[in-house]
Amino acid sequence: EKAGHKHFMSKEIAEQPTVISEALNFYMSEDGGSVVLPDPDIDFTQYDRIVMVACGTAFYACFTAKYWFEQIAKIPVEVDIASEFRYREAPISPRTLAIYVSQSGETADTLAALRYTAGKAASILTVTNSSESSMARESDMSLPILAGVEVGVASTKAFSCQLTVLLMLALKAAQDRGALSDEDVKTQLTHLRSLPGLLNVALEQSDAIANVAAQLAESSDILFLGRGAMYPLALEGALKLKEISYIHAEGYASGELKHGPIALVDQHTPIIVLAPRDKLFEKTVSNMQEVMARGGKVLLISDEQGLKEASDGVWQSIQMPTVPDALAPILYAVPAQLLAYHTAVAKGTDVDQPRNLAKSVTVE
Ligand code: M6R
């Protein structure tokens, strides 16, 4: 049942090109020119704001999607973790679309948050891996992520499928609101079509990542840095690593480093920098140089051009294929997952069933 893999987690990481292909087929029109949602359709001209709520990895998917909805569809998005949102009595204006993201569709805090917005928001949408779940049933609309069963407690393919569906949703929003021309939507969808192939290329770095991970396994603290949509991924990379390897890890926005966390950096601290060669690259590199000047050991994950420009003096580097900006968070999820996986394997922890954690958190 693990299809030749040692753990469900590694099987599920490897399945990502396939399940993402399925999600793309499901949500794309046959001519590849537009995003098509199952009934009932969502008309984004009805909303002037989006609120996205979830827990854990699903929250980081929401946080990534905030960048897409705002940059691509020009619609303001607020994100929050469910355990805070449900109690903080946030005012919900009537033209709000409330989006809940949950692999299981049964997470207690997310379900309670959903119920809080029922009758307040214009519509409630759930993005889930379980179409029969409580959250799907209690929503006006529910979109499947089509990841298939995810057994590993550490979410991997559900995360990348959530991201894929949310990116398509952001494109649908841009299409409805006229924020992108039909031609631009089509170009973005063509890019998305290339994603499974790019993910396969990223997966080929597994052995190189295992070599680095064997050294990371000796560390007691690890930092993840990213800017823009790579910031939520830095948070996700840190969560994944702590969940299964029990190494303390924190994700930070690169620009926030000098406001405190840089005090942690010494020659024993690995710093993982997630930085495709995009328009924020130079800013991230300057933060990276600040940590290197303080003896920090940098693992730079970037593309060919990024490594050419900035790998001088770094401790290690991992090369990703070059991708259009919008796809980077989905592609770079792969090395983040593989780093956590191989580090946990090197430490000998229980990868699929980490201590103290449950796959579905149905109590508060
Ligand atoms: O089923 P959900 O997506 O609502 O679960 C949310 C979190 O409990 C979940 O993502 C958790 O953070 C994972 N263990 C992360 O790997």
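The values are calculated or read from the model by the stated rules, or taken from the named source; none is laboratory data. On a predicted model such as this, the values are computed, not experimentally measured, just so you know. Reconstructed Cβ throughout: ideal geometry from the backbone, glycine too, with neighbour counts over all protein chains shown. Areas reflect the complete protein model, heavy atoms only, side chains present, ligands, DNA and RNA absent. Shrake-Rupley method; radii C 1.70, N 1.55, O 1.52, S 1.80 Å.
At a glance:
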item: Accessible-area composition of the chain, carbon plus sulfur, in percent [1.4 Å probe]; result: 48 percent
item: Nearest-ten-degree value, helix 281-293 long axis tilted from longest Cα axis of the chain; result: 40 degrees
item: Approximate shape of the stretch 23-66 as ellipsoid semi-axes (Cα gyration tensor, √5λ), whole Å, largest first; result: 23, 16, 9
item: Too-long pairs where the Cα-Cα distance tops 26 Å, listed order kept, from K11/K172; K66/K172; K66/K240; result: K11/K172
item: Mean residue ellipticity (222 nm) of the chain, computed from DSSP H runs ≥ 4 via -39,500 (n - 2.57), nearest 500; result: -14000 deg cm²/dmol
item: Where only C-alpha atoms are counted, convex hull volume of the chain per residue in Å³; result: 130 Å³
item: Rounded Å value of the spacing that divides the Cα centres of the stretch 25-60 and the stretch 184-205; result: 19 Å
item: Per residue, in Å², the accessible surface of the chain once ligands and nucleic acids are set aside, probe 1.4 Å; result: 39 Å²
item: Interatomic Cα distance distribution for the stretch 60-134, bins of 5 angstrom, percent; result: 3, 15, 25, 28, 20, 8, 1
item: GNM flexibility winner over the chain from E183, E282, E304 (Cα, springs under 10 Å); result: E183
item: Folded to 0 to 90 degrees: helix 182-193 orientation relative to the chain principal axis, Cα; result: 50 degrees
item: Charge sum, other residues only, whose C-beta stays under 15 Å from P76's C-beta, Lys/Arg counted +1 and Asp/Glu -1; result: +1
item: Size of electric dipole in the chain: Cβ of Lys, Arg +1 and of Asp, Glu -1, about Cα centre, debye, nearest 20; result: 540 debye
item: Using a Förster distance of 41 Å, the FRET efficiency for Q289-D39 (Cβ separation, nearest 0.05); result: 0.20
item: Within the chain, percent of DSSP bridges classed antiparallel, to nearest 5; result: 5 percent
item: Amide proton proximity set for I272, modelled H, under 5 Å, gap of 5+; result: L223, F224, L225, L299
